[in-house]
1. Test of understanding: among R38, R31, which residue is among the charged types (D, E, K, R) and open to solvent by less than 30 Å² (accessible area, probe 1.4 Å)?
2. Are any residues in region 19-35 touching an Asp or Glu at 6+ places or on another chain (Cβ under 9 Å) and under 15 Å from G116 (Cα atoms), and if so, which ones?
3. Taking the residues in region 3-45 that are aliphatic (A, V, I, L, M), more than 15 Å from G55 (Cβ to Cβ) and under 16 Å from the mean Cα position of the chain (by Cα) as candidates, determine which candidate is modelled with the lowest pLDDT.
4. Out of A75, A61, report the one residue that is free of Cβ contacts under 8 Å to residues at least 12 places away in the same chain and either closer than 21 Å to N106 by Cβ or surrounded by fewer than 20 Cβ atoms within 10 Å (Cβ to Cβ) (or both).
5. Which of the residues spanning region 1-28 are open to solvent by less than 20 Å² (accessible area, probe 1.4 Å) and within 17 Å of T58 (Cβ to Cβ)?
6. Hey, can you tell me all the residues within region 7-60 that are touching a strand residue (DSSP E or B) at 6+ places or on another chain (Cβ under 6 Å), in a loop (DSSP other than H, G, I, E, B) and under 16 Å from R72 (Cβ atoms)?
7. Consider G55 carefully, then state whether it is over 17 Å from Y104 (Cα atoms), over 11 Å from the mean Cα position of the chain (by Cα), open to solvent by less than 40 Å² (accessible area, probe 1.4 Å) and of a type in the set (G, A, S).
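The values are calculated or read from the model by the stated rules, or taken from the named source; none is laboratory data. Just so we're clear, the structure is a prediction, and the values are computed from it rather than from any experiment. A quick note on method: Cβ atoms are made from the backbone with ideal geometry, for glycine too, and the neighbour counts reach across all protein chains shown. Note: accessible area is taken over every heavy atom of the protein model, side chains too, but ligands, DNA and RNA are not part of it. Shrake-Rupley method; radii C 1.70, N 1.55, O 1.52, S 1.80 Å.
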Amino acid sequence: QVQLVESGGGLVQAGGSLRLSCAASGGTFSRLNMGWFRQAPGKEHEFVAHISWSGGNTYYADSVKGRFTISRDNAKKTVDLQTNSLNPEDTAVYYCAAQNRGSYYNARVYDYWGQGTQVTVSS
């Protein structure tokens with residue numbers, strides 16, 4: 001069983017930055033593909049970014065491409081999401097998720113989820 005704990009959320013002005021972090025425990029982190037999703041009030045989980053188990057492949061939603069960067073440290077069992085040039089549309093609860101395999105953008109094929117961290121961007 002894998003446990004995921006997110007941190008780093010908060011309130012930021014438009015144009016600002018936040019670095020979200022996800023710490024994993026249990027399981028074999030270095031074999032897991034990792035993703036970040038977000039959920040705004042009244043909406044479903046939205047794919048944000050994905051990084052493969054080795055870190056060799058990354059994918060981003062079009063809405064965050066060029067602004068967000070996903071990275072991982074297998075030795076520390078962490079995956080980070082650097083968010084830059086934030087705007088109010090980025091306001092959501094951000095979730096870290098892990099999968100053994102499957103489509104990187106499909107929340108349904110992720111096996112483990114954290115509790116989420118709130119990101120609020122004021123205009």
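1. Unique residue meeting the criteria: R38.
2. Kept after step one, since they are touching an Asp or Glu at 6+ places or on another chain (Cβ under 9 Å), are these residues of region 19-35: 19-23, 32.
Scanning region 19-35 gives R19, L20, S21, C22, A23.
3. A40
4. A75
5. Matches in region 1-28: L20, C22.
6. Matches in region 7-60: G8, L32, S52, W53, G55.
7. The answer is no for G55.
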